[in-house]
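Trainee: Input: one structure, supplied below.
The values are calculated or read from the model by the stated rules, or taken from the named source; none is laboratory data. Here the structure is a predicted model, which is why all the values come from computation and not from measurement. Cβ atoms come from the backbone with ideal geometry, glycine included; neighbour counts cover every protein chain shown.
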Amino acid sequence: MFSYDAETRYTWFKGESLEPERQFELVGMIVGLALYNGVILGINFAPIVYKKLVGEQVGLEDVKIAFPGLGKGLEMLLDWKEEDGDVEDVFCRSFDIEYEVWGKVRTIPLVHGGSNIPVTNANRKEYVDLYINHYVNESVKRQFGAFRRGFHRVCGGPALKMCRAEELEMMICGTNELDFKDLEAGAKYDDGYDANHEVIKNFWSVAHSMSHEHKKELLMFVTASDRVPLKGLGNLVFVIQRNGPDTERLPTALTCFGRLLLPEYSTKEKLENRLITAIENAKGFGLV
Ligand SMILES: *[C@@H]1O[C@H](CO)[C@@H](O)[C@H](O)[C@H]1NC(C)=O
């Protein structure tokens, strides 16, 4: 149903998808329900998706973000200097778009009889506009239309119109900024730990000096998501619970409750070593 671009890491709709519309409608409803219930989703739709959802204009800049190869090609065509030759001779394009669908190349005219109309210096702007319209609108009309319908069934209404596309994206996906000061401020402690406990001081000292990747892994380890809710990490349930005396064992977590089970490691170095080992090697759920 969706395509995934390994370079941009964006998800986009598959225009040639044969899935029935209600499948896309269902995905739209799930995204809407998540938004309604304040659940942050780890999806990575191209920003164009949010622009289309709130009805903002999509242009070449957006195409360059979501589909860099195509965007660069179209931009080159627009920026081509006339003194370097005519666009018609250099690019040899006509008013159509070629697709590979299920292993076969299909040619779709952008205007009536487009395959016989060459792209020239004079009409290239029109060509680029039509191309983008086809790419982001026409080619995914059925799939995106159903998705939008599903989304609007849950989250339609005037409030959506007050959002900009980036705000909508943030509400659905959270932000990427990991403010661990916020996380520390909102953290709670259990079973003998408190903010002034030596182990807890060591923990935060280690956590604050972590790389961005390790911070994400720590969040993933404890809460099963590396996404940050819109109101920030201070709003996350994050509990550090004492899990027995000093030991060689690794820390564990109860992700459903946002609890880190941290043994009372004797030194900061040991805590760092055990913690990093645990988060680097965590793979989903295990029985403790
Ligand atoms: C896509 O369709 C919408 C709605 O019909 C239109 O407003 C918009 O201009 C189109 N986008 C492009 C890039 O042509």
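Trainee: It is to be established whether one or more residues within region 91-109 are aliphatic (A, V, I, L, M), within 15 Å of the ligand (Cβ to nearest atom), out of contact with any Ser or Thr (no Cβ under 8 Å at 6 or more places or on another chain) and in contact (Cβ under 8 Å) with a residue 24 or more places away in the chain.
Mentor: No, that holds for no residue.
Trainee: While we're here: Given (1) of a type in the set (G, A, S); (2) over 30 Å from Y36 (Cβ atoms); (3) surrounded by 13 or more Cβ atoms within 10 Å (Cβ to Cβ), identify the lone condition not met by A224.
Mentor: (2)
Trainee: Given the options A66, A122, name the one that is of a type in the set (A, V, I, L, M, F, W, C) and farther than 30 Å from E166 by Cα.
Mentor: A122
Trainee: Then there's this: Can you say whether E272 is assigned to a helix (DSSP H, G or I) and assigned by TED's automatic domain parsing to the domain that holds A195, as far as the supplied structure shows?
Mentor: yes
Trainee: Under 8 Å between Cβ atoms, at least 6 apart or on separate chains: pull out the pairs that start in region 183-211 with a residue that is more than 16 Å from F238 (Cβ to Cβ) and end on any residue that is surrounded by 15 or more Cβ atoms within 10 Å (Cβ to Cβ) and of a type in the set (A, V, I, L, M).
Mentor: Pairs that qualify, where the first residue is more than 16 Å from F238 (Cβ to Cβ) and the partner is surrounded by 15 or more Cβ atoms within 10 Å (Cβ to Cβ) and of a type in the set (A, V, I, L, M), are N202/L271.
Trainee: Go through region 158-213 and tell me which helices (runs of 4 or more DSSP H), entirely inside it, have 1 or more residues that are closer than 22 Å to V58 by Cβ.
Mentor: Because the criterion is at least 1 residues that are closer than 22 Å to V58 by Cβ, the helices (runs of 4 or more DSSP H) in region 158-213 that meet it are 158-161, 165-173.
Trainee: What are the residue pairs meeting all of these: first residue in region 122-143, first residue assigned by TED's automatic domain parsing to the domain that holds L74 and under 21 Å from E25 (Cα atoms), second residue at pLDDT below 95 and away from the ligand (no atom under 13 Å from the Cβ), Cβ atoms under 6 Å, and 6 or more apart or on different chains?
Mentor: S139/G15; V140/G15; Q143/S17
Trainee: Now a separate question. Please enumerate the residues belonging to region 8-25 that are buried (at least 16 other Cβ atoms within 10 Å of the Cβ) and of a type in the set (A, V, I, L, M, F, W, C).
Mentor: W12, F13, F24
Trainee: Give all pairs with beta carbons closer than 8 Å in which a residue from region 238-250 that is crowded, with 18+ Cβ neighbours inside 10 Å meets a residue that is at pLDDT below 95 and among the basic types (K, R); count only pairs at least 6 apart in sequence or on separate chains.
Mentor: none
Trainee: Scan region 6-47 for residues that are within 12 Å of the chain's Cα centre (by Cα) and within 16 Å of the ligand (Cβ to nearest atom) and report the count.
Mentor: Residues that pass the stated criteria total 3.
Trainee: Look at region 49-72 and say how many of its residues are more than 19 Å from the chain's Cα centre (by Cα) and away from the ligand (no atom under 16 Å from the Cβ).
Mentor: 2
Trainee: Let me ask you something else. Is it true that some residue in region 29-37 is closer than 26 Å to R106 by Cβ and assigned by TED's automatic domain parsing to the domain that holds G145?
Mentor: No, region 29-37 has no match at all.
Trainee: Counting only residues that are small (G, A, S) and closer than 19 Å to L41 by Cβ, which one in region 117-158 is surrounded by the fewest Cβ atoms within 10 Å (Cβ to Cβ)?
Mentor: G156
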